[in-house]
Amino acid sequence: MELKPGTKLGPYEIVASVGKGGMGEVWKARDTQLHRDVALKVSKSEFTDRFTREARAIAALNHPNICTLYDVGPNYLVMEFVDGAPLQGPLPAEKAVEYASQILDALDAAHRKGITHRDLKPANILVTKQGTKLLDFGLAKQGTGLGPDDITVQAVTAEGQISGTLQYMSPEQLHGKAADDRSDIFS
């Protein structure tokens, strides 16, 4: 199905394209039931294991600097629409420290739930009037030390494979080794 403004996916009406990525396309849409703007991340194919992992990772997190998942469709995720722009520099030192603090706080929340982002880069961090929002958990993996009540998010790649954005990958990711919380901090 070709998407364009006016197309409906369930109760969501497409408004405009926001961007494209490796897994699909992100659209600004209108939730016609709740009368709010949302972001629809539409998969290039039917719902995949990778999309399921991303949905579970985001759903497990509740933090003001991490995007919120609202719904899941047959081939799309419905998330809060974040009105912002990708992180860009150079920044004044005070702003850089403020944003870094927010990003680290969001990563700490994810890491405490056993989730390693593995694709931390400026394009996955939006700056809004309220601060930063961490997005795109499509490459997230399960860390160690989860309790019995925590979610399970399996790794997208196996050891020996690399996945992510070259310029922001940690050394262990570049060498195809297991990534952990330190990989996010490096990125």
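The values are calculated or read from the model by the stated rules, or taken from the named source; none is laboratory data. Here the structure is a predicted model, which means the values were calculated and not measured. Backbone-built Cβ (ideal geometry, glycine too); neighbour counts: all protein chains shown. Note: accessible area is taken over every heavy atom of the protein model, side chains too, but ligands, DNA and RNA are not part of it. Shrake-Rupley method; radii C 1.70, N 1.55, O 1.52, S 1.80 Å.
Please give the number of the condition residue 93 fails out of (1) small (Gly, Ala, Ser); (2) open to solvent by 30 Å² or more (accessible area, probe 1.4 Å); (3) over 30 Å from residue 28 (Cβ atoms); (4) at pLDDT below 85.
All conditions are met except number (4).
Anything in segment 59-81 that is within 16 Å of residue 132 (Cα to Cα) and not in a loop (DSSP other than H, G, I, E, B)? List them, or say none.
Scanning segment 59-81 gives 66, 79, 80.
Checking residue 64 against (1) open to solvent by 60 Å² or more (accessible area, probe 1.4 Å); (2) under 18 Å from residue 29 (Cα atoms); (3) of a type outside the set (A, V, I, L, M), only one condition comes out false. Which one?
Tallying (1) open to solvent by 60 Å² or more (accessible area, probe 1.4 Å); (2) under 18 Å from residue 29 (Cα atoms); (3) of a type outside the set (A, V, I, L, M), residue 64 fails exactly one: (2).
Which pairs do you get when a residue that is at pLDDT 85 or above and surrounded by 12 or more Cβ atoms within 10 Å (Cβ to Cβ), found in segment 34-56, comes within reach of a residue that is among the aromatic types (Phe, Trp, Tyr) and part of a helix (DSSP H, G or I), reach meaning Cβ atoms under 7 angstrom, with the pair 6+ apart or on two chains?
43/51
Just to be sure I understand the filter: pairs with C-beta atoms under 6 Å, separated by 6 or more residues or on different chains, first member in segment 117-137 and over 18 Å from residue 180 (Cα atoms), second member assigned to a strand (DSSP E or B) and open to solvent by 40 Å² or more (accessible area, probe 1.4 Å). Which pairs pass?
122/86; 123/86; 127/85
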